[in-house]
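These notes are about the structure you will find just below.
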Ligand code: ADP
Ligand code: GLC
């Protein structure tokens, strides 16, 4: 199959969250399975190009959006030949991946249009145009209305993957001319337009041939008012096309046997490296190592979605008893950051908060912590809990979205399960689940089995890419 993908993040070029991990792995997994995949992202100014082997494919792809004209260049990464980067400094030279600037919609429309124009120039006829999140969600409509004349796209089917329904790309209707819809403006959602807005994600939901999201549970949840973020009626209307495909894990990057960011590699047959990593992590964070005291870890964007406020409420009683330590890596909302700064101040020998983004430290926490906390309010898929499973770092999670699909409750009687889940999203729920985990930790034999159960789980991309393959085939037939 010929597969054209468009997204805003991709490892190793630009990453804020899990979308980047997915885009760093899925195109390559599909290419390994024999498909011709071309995945486009912006060449942001913050992409470190020093180690990249970029080949200029086209030096002059002119994108017109209303009265705006952008001259873009298209590069291909010769080390990752599925990756295409769209160069356009006026749009992508902002120092950050996302912005609140007045032309945010044009930054990502340009990306998609450049991908379609580059396909034309390459004579690349996609069987599937796979669009990720709001940034690419207008493309099914754009392709139909502006590229429909080109036989190259005659049989192209479109798939929208929703990684997070709460980021929708809502803009004022004043941007209408930038959409180049000409006589097709009636195809926009008219009620919203009358109210003065245009919602990018909604138009993907309306016009993509297929809609997927990143876990089966989230696929159900987003069709309910509680998790639907206002979009649930539209998703219910297209219910038969909404599917949940769990993300995979790139085990070349995220496994304790191969991890290049940790000092002691380890695996199921020899776990001694894990304790050494724990010592190393604690030392590097300025905390004392105390044998037998479990270390809890958090790696997260600090956004409301992640439910981190529960940690600040639920953990102090355990911290006060001095039988846990906590390391936290993350940045984002200043309110959440200050909660963790406060926790660190209150328990300086037990809590360390590293405010920022650090990929090596994220790996180190997966390897060095005993327990991983993910009390997300909602979680479309979540990758960190799957990474944690592989590192023998037992996850404590809220039963929602992909967390519910990937973590099974530990049962000490038959020794089945991989972690701890709580149902009610409040501090009491997290307090209870953490208590269960701490109790289980004291039974060394049981804990070893619990770690082993998680480490044996296989969420590899090779399997999940096959699921996408089947989905593409269904769309094409
Ligand atoms: P989301 O995409 O909602 O942030 P995921 O669990 O799918 O959640 O993916 C998060 C990814 O981002 C993981 O690879 C995680 O390690 C990484 N990550 C999150 N916060 C940080 C941080 N502060 N430093 C380094 N990596 C981070
Ligand atoms: C989003 C979601 C996260 C998911 C990631 C990759 O950022 O919040 O749950 O794992 O996308 O699909």
Where Rh is the Kirkwood radius over the Cα pairs of the stretch 30-157, the temperature 4 °C and the viscosity 1.567 mPa s, what D in µm²/s does Stokes-Einstein return? 85 µm²/s
Spin-label proximity, residue 48 to the stretch 61-103 - amide N less than 15 Å from point 7 Å beyond Cα toward beta carbon: none
Would any residue of the stretch 292-321 have its amide N under 15 Å from a label point 7 Å out along Cα→Cβ of residue 426? List them or say none. 310-311, 313-314
Using a 10 Å cut-off around each Cβ, can you sort 134, 461, 447 from fewest to most neighbouring Cβ atoms? 447, 461, 134
Order of 214, 142, 260 under a 10 Å beta carbon neighbour criterion, fewest first: 260, 142, 214
Using helices alone, I'd like the mean residue ellipticity at 222 nm for the chain: each DSSP H run of four-plus residues gives -39500 (n - 2.57), total over residue count, nearest 500. -11000 deg cm²/dmol
Once every Cα of the stretch 254-328 carries one equal point scatterer and solvent is ignored, give the base-10 log of I(q)/I(0) from the Debye formula at q = 0.12, 0.21 Å⁻¹, two decimals. -0.43, -1.05
I want to make sure I understand the PRE zone here: with the label point 7 angstrom from the Cα of residue 312 toward its beta carbon, which residues in the stretch 413-444 have backbone N atoms less than 17 Å away? 426-428, 430-431
Fewest to most Cβ atoms within 10 Å: 185, 154, 9 sort as 154, 185, 9
Any number yet on Rg/Rh for the chain, C-alpha, Kirkwood? 0.98
Calculated SAXS-style log₁₀ I(q)/I(0) at q = 0.08, 0.12, 0.20 Å⁻¹ - the stretch 272-455, Debye, Cα scatterers: -0.21, -0.48, -1.57
Could you state the principal axis extents of the C-alpha atoms in the stretch 347-448, from the largest down, to the nearest angstrom? 40, 31, 27
Quote the convex hull volume per residue of the stretch 169-216, based on C-alpha atoms, as a whole number of Å³. 95 Å³
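Laboratory data are not the source of any read-out in this text; all were calculated from the coordinates shown. Being a predicted model, the structure only gives us computed values, none of them experimental. Cβ atoms come from the backbone with ideal geometry, glycine included; neighbour counts cover every protein chain shown.
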